[in-house]
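This report refers to the structure that appears directly beneath it.
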Amino acid sequence: MLLRCRIVGKPSLTGLGKGCPSTNNLGAAIMPPALLRRSVGMQKYVHCALLSILLSPLAWAGSLVIRCVTVIDATGKPAQPGMTVVIERDQIVAISPCTKVRAPAGSQIVDGRGKFLIPGLWDMHVHGFKDKTWMYPLHLANGVVGVREMWGPEDASAWRMQHAKYDKPSPNVYLASPIIDGPNPTWPGSVAVADAAQARAAVDRYQANGADFIKVYDGVPRDAYFAIVDEAHKLGISFVGHVPDAIRVEEASDAGQKSIEHLTGVAVGASSEEETLFALKWAQTGDFLRRDLRAEATYDESRAAALFARFIKNGTWQCPTLVVNRSYEHFDDGIFMHKEWLRYIPSDTRDLWKKMGDDTGKQRNAQYWSDAHRQFPEELNLVGRMYRAGVAILAGTDTYNPYVFPGFSLHEELSLLVEAGLPPMAALQAATVGPARFMGQAERRGTVEVGKVADLVLLDRDPLADIHNTTSIRAVILGGKWMPRASLDAMLAEAEATAAKPPSNSPGSTTN
């Protein structure tokens, strides 16, 4: 049974409230975990009852039925060909061999023969939640049903209330606090903390304002970082982000940092020269590339094994954002600019991207770019090593950075994860069930299973045969709402039309 209610209290996802199941702007209800656990037995009973009446011509009148499709459920099980999936409102209510199912009268029938059904994708590192008019369509048209916004608003609860009035399709949004940095922040608009007292106050403020998690950055001082850790634990809010210069990566893991972005500190932590390299504070010197290349040249198998085991024990996730790393490391040649996608990007953002690339080019010499090109394969190797050791990986892009495109670049990230050594199934899981587990939503999201929210992507080609096939999108289902290819193309056209308009204000922040 699905309920609707007014949003109250602090949600764990956009549109999710405390105390009752609530809805996002598309009416997708999500049951709070405690209520969900109490109702598991009843859910199983209801699902069995629904299955028992599947042949009734009145069953699921008005529901969505995808017939004879190959289901890739992202649990790790092999693909299941010839299955029919039944969706009622926002929920998957049945999955059964198509030979056993007769779709009821009044249902919307989709022929899934020759097609592949996967869970909706999540991009677990994005920026730009303010730019709904062009970013949201690009995400959804690429099968991205949810994002983890890594530079959230001052008041997340107020933002959600306003967002609930948005009358167009929207991905689910999981909101960070604003970036918390040291006394001299890298990015204008960050929250500067110089000591433990200021750090605690920041955590208190953003937890009270409804942030889903706290975001930390490079310059946070050591005492302030551990104050964030202590206050976050007290208040029951997770913290994620960069590993600050003052903190070793193993310390961050032991402290409970839930995710580490962009591999910050990992190569140094796996080096036989960790002590020397840790002393090279890249936020102060800007010499991170030379430091990391040296770290990779002194990679120590035993130290790496111990570090990766620590990540696993502590539940530390890695969000490598390979696609943005590659972009920054190829500003000189521009081979990953994807000019075919630039038409979807507003002119002020395109201008900002070009300026950042030009400015970086002026500051760097030929040796730097030679080193940068050598760096990226090492990052791929590091991700592959962590995966093989069992470290949990999240797919994220760092969208809004130069030439990292909403939606499109998540598919690039999946292909880079496979290039790093993940099997296609594992890459898919990094964008589906992995995010669901990370957010504490695994009971309701992330796989194609009965009882899960119907956030799905229908593909023309098999992504397990070739991960690039995740781009062969025939339709997206968001909270049970069917969006066929024509609707997705209309979203792209809308984003293109928006991008063609003269800028009305300055673009949002671009940051790691």
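Which is farthest toward the positive dipole end of region 391-512 among LEU416, ILE393, LEU456, measuring Cα position about the Cα centre, with Cβ charges +1 (Lys, Arg) and -1 (Asp, Glu)?
Among LEU416, ILE393, LEU456, the one farthest towards the positive end of the dipole of region 391-512 is LEU456.
First select every other residue whose beta carbon is under 11 angstrom from the beta carbon of VAL243; then total the charges, Lys and Arg +1, Asp and Glu -1.
On the way: positive: ARG248; negative: ASP218, ASP245, GLU250, GLU251, GLU261.
In short, -4.
With a cut-off of 16 Å, note down the residues of region 289-326 whose backbone N falls inside the zone around a label point 7 Å from the Cα of GLN363 toward its beta carbon.
Label zone hits: 289-291, 325.
When ligands, DNA and RNA are left out and all protein chains stay put, how many square angstrom of accessible area per residue does region 370-461 have with a 1.4 Å probe?
25
Can you give me the % of accessible surface on region 230-335 that is carbon or sulfur? Probe 1.4 Å, all protein chains present, nothing else counted.
Carbon and sulfur: 50 percent of the exposed surface of region 230-335.
Suppose the chain between ALA306 and GLU340 were pulled fully straight at 0.36 nm per residue; how much longer would it get relative to their current alpha carbon spacing?
Working it through step by step, the gained length comes to 7.9 nm.
Which shape class, rounded, prolate or oblate, goes with region 138-186 when its Cα gyration tensor gives a ≥ b ≥ c as root eigenvalues, a/c under 1.5 marks rounded, and past that a/b bigger than b/c marks prolate?
Verdict is oblate for region 138-186.
Once R0 is set to 45 Å, what does the formula 1/(1 + (r/R0)^6) return for the Cβ-Cβ distance between TRP187 and ARG113, expressed as a FRET efficiency to the nearest 0.05?
Values: r = 50 Å, r/R0 = 1.11.
Efficiency for this residue pair is about 0.35.
When Lys and Arg each count +1 and Asp and Glu each count -1, what net charge do the other residues less than 15 Å away from ARG67, Cβ to Cβ, add up to?
+4
Using packing as a proxy for protection, rank 112-121, 355-364, 298-307 so that the peptide with the highest average count of other Cβ atoms within 10 Å comes first.
Packing order, densest peptide first, comes out as 112-121, 298-307, 355-364.
Compute the signed sum of charges (Lys and Arg +1, Asp and Glu -1) over the other residues within less than 10 Å, Cβ to Cβ, of VAL203.
Residues near VAL203 contribute 0 overall.
Enumerate the amide H contacts of LEU459 below 5 Å, restricted to partners 5 or more residues apart or on another chain; note that Pro and chain-start residues carry no placed amide H.
The list, which skips near neighbours in sequence, is PHE116, LEU117, ILE118, ARG474.
Tell me whether region 393-511 comes out rounded, prolate or oblate; compute the Cα gyration tensor, take square roots of the eigenvalues as a ≥ b ≥ c, and use a/c under 1.5 as the rounded threshold.
Details: a/c = 1.60, a/b = 1.35, b/c = 1.19.
Judged from the Cα gyration tensor, region 393-511 comes out prolate (a/c at least 1.5, a/b above b/c).
Over region 56-212, what percent of the accessible surface lies on carbon and sulfur atoms, probe 1.4 Å?
55
How big is the dipole moment of region 90-132 about its Cα centre under a simple scheme where the beta carbon of each Lys and Arg is +1, that of each Asp and Glu is -1, and everything else is neutral? Debye, nearest 20, please. Kindly include the intermediate steps, with their values, before the conclusion.
Values: 6 positive and 4 negative charges, 41 e Å.
Dipole size: approximately 200 debye.
Do the alpha carbons of any pairs in LYS234/LYS313; LYS132/LYS165; LYS168/LYS354 sit beyond 23 Å of each other, and which pairs?
Beyond 23 Å between Cα atoms: LYS168/LYS354.
Once you place label points 7 Å from the Cα toward the Cβ at ASP204 and ASP223, how far apart are they in nm?
Here the answer is 1.7 nm between the modelled labels.
Rounded, prolate or oblate, given the Cα gyration tensor of region 309-452, with a/c below 1.5 counting as rounded? Write out the running numbers ahead of the final one.
Values: a/c = 2.59, a/b = 1.54, b/c = 1.68.
Judged from the Cα gyration tensor, region 309-452 comes out oblate (a/c at least 1.5, b/c at or above a/b).
Could I have the simple spin-label model distance between GLU273 and ALA105, label points 7 Å from Cα toward Cβ, reported in nm to one decimal?
Each label point lies 7 Å from its Cα, and together they span 7.8 nm.
Please list, ordered by chain and number, the residues whose modelled amide H lies under 5 Å from the amide H of TYR403; skip anything fewer than 5 residues away on the same chain.
none
Evaluate E = 1/(1 + (r/R0)^6) for ASP230 and ALA164, where r is the Cβ-Cβ distance and R0 equals 30 Å; express this FRET efficiency to the nearest 0.05.
Rounded to the nearest 0.05, the efficiency is 0.35.
The values are calculated or read from the model by the stated rules, or taken from the named source; none is laboratory data. All of these numbers come straight from a predicted model, not from anything done at the bench. A quick note on method: Cβ atoms are made from the backbone with ideal geometry, for glycine too, and the neighbour counts reach across all protein chains shown. Side chains are part of the model used for accessible areas, which takes the heavy atoms of the whole protein and leaves out ligands, DNA and RNA. Shrake-Rupley method; radii C 1.70, N 1.55, O 1.52, S 1.80 Å.
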